[in-house]
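A.B. asks: There's a structure below that I have some questions on.
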Amino acid sequence: MAKTKPGKKDLHSYTIKGTNKVVRAGDCVLMRPSDSDKPPYVARLEKIEADHRNNVKVRVRWYYRPEESMGGRRQFHGAKELFLSDHFDMQSAHTIEGKCTVHSFKNYTKLENVGAEDYFCRFEYKAATGAFTPDRVAVYCKCEMPYNPDDLMVQCEGCKDWFHPSCMGMTIEEAKRLDRFMCSNCSSDDDANRSLNAYPASPFIEAKVDSKRRKR
């Protein structure tokens, strides 16, 4: 943590203006953008300090949305996905609008209900170079795309890989009615491999990264 400059003091917490919500270093916050048409920025508080006039400033580490990154938004990026960047700033605490939660990818996929203030992060992002950490990610389906938690997928009982219904020639409605699913590589020509009942789709899966496959 950076040292506080002379004439300034560290604060343990700050009450968001106009609310009773208290934030502390380590919390994630929503910050008011200069353009009112844009969604709020998301940042992680690193430090809170006040000067001799009691003006409160916060040191923040920005999260980037996919569309704010060099590569832009990709097909596999979730609607609530963020990248933790190496971009730090000092901002007036008055620009903080509210609190939010940035979950790990694993924890986000386990949420029963995703709220307006729920986000997730699975990559760190270098703003100057556009590089990501990790630089590889597991891929699924015959389209070999990383997992997007917003998309329904079905698991093959044979190979245990996960597939997008559209890549398997099914509608989402048909996939939701599946009791069992076998991909084309694992199934025989016997249509009995598929019966229309209920199938729990898209639970989080602990998948091994295939180092032979590059990140999309």
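The values are calculated or read from the model by the stated rules, or taken from the named source; none is laboratory data. Remember, it's a predicted structure, so these values are computed and weren't measured experimentally. Glycine also receives a Cβ, built like all others from the backbone with ideal geometry; neighbour counts cover every protein chain displayed. Protein only, heavy atoms only, side chains kept; ligands, DNA and RNA dropped before computing areas. Shrake-Rupley method; radii C 1.70, N 1.55, O 1.52, S 1.80 Å.
A.B. asks: Is it the case that the range 79-90 has a residue that's touching a Cys at 6+ places or on another chain (Cβ under 9 Å) and under 23 Å from Ser36 (Cβ atoms)?
C.D. replies: Checked the range 79-90: at least one residue is touching a Cys at 6+ places or on another chain (Cβ under 9 Å) and under 23 Å from Ser36 (Cβ atoms).
A.B. asks: Please go through the range 45-67 and pick out each residue that is within 14 Å of the chain's Cα centre (by Cα) and charged (D, E, K, R).
C.D. replies: Hits for the range 45-67 are Arg65, Glu67.
A.B. asks: Could you grab me the full set of residues in the range 86-126 that are under 15 Å from Val29 (Cα atoms) and polar (S, T, N, Q)?
C.D. replies: Passing the criteria: Gln91, Ser92, Thr95, Thr101.
A.B. asks: Considering Asp150, Asp135, which residue is among the acidic types (Asp, Glu) and either buried (at least 18 other Cβ atoms within 10 Å of the Cβ) or at pLDDT below 90 (or both)?
C.D. replies: Selected residue: Asp135, the only one of Asp150, Asp135 that is among the acidic types (Asp, Glu) and either buried (at least 18 other Cβ atoms within 10 Å of the Cβ) or at pLDDT below 90 (or both).
A.B. asks: Assess whether Ser85 counts as being over 30 Å from Met145 (Cα atoms) and of a type outside the set (A, V, I, L, M).
C.D. replies: Considered against the rule, which asks whether it is over 30 Å from Met145 (Cα atoms) and of a type outside the set (A, V, I, L, M), Ser85 comes out as no.
A.B. asks: Let me ask something else. Can you name every residue in the range 135-173 that is touching a helix residue (DSSP H, G or I) at 6+ places or on another chain (Cβ under 7 Å) and either in a strand (DSSP E or B) or more than 26 Å from Lys80 (Cβ to Cβ) (or both)?
C.D. replies: Lys142, Val154
A.B. asks: Please enumerate the residues belonging to the range 153-181 that are open to solvent by less than 30 Å² (accessible area, probe 1.4 Å) and free of Cβ contacts under 8 Å to residues at least 40 places away in the same chain.
C.D. replies: Of everything in the range 153-181, those that are open to solvent by less than 30 Å² (accessible area, probe 1.4 Å) and free of Cβ contacts under 8 Å to residues at least 40 places away in the same chain turn out to be Cys156, Phe163, His164, Pro165, Met170, Ala175, Leu178, Phe181.
A.B. asks: Further question: Touching a Cys at 6+ places or on another chain (Cβ under 8 Å) and either surrounded by 13 or more Cβ atoms within 10 Å (Cβ to Cβ) or assigned to a loop (DSSP other than H, G, I, E, B) (or both): is that true of Tyr108 in this structure?
C.D. replies: no
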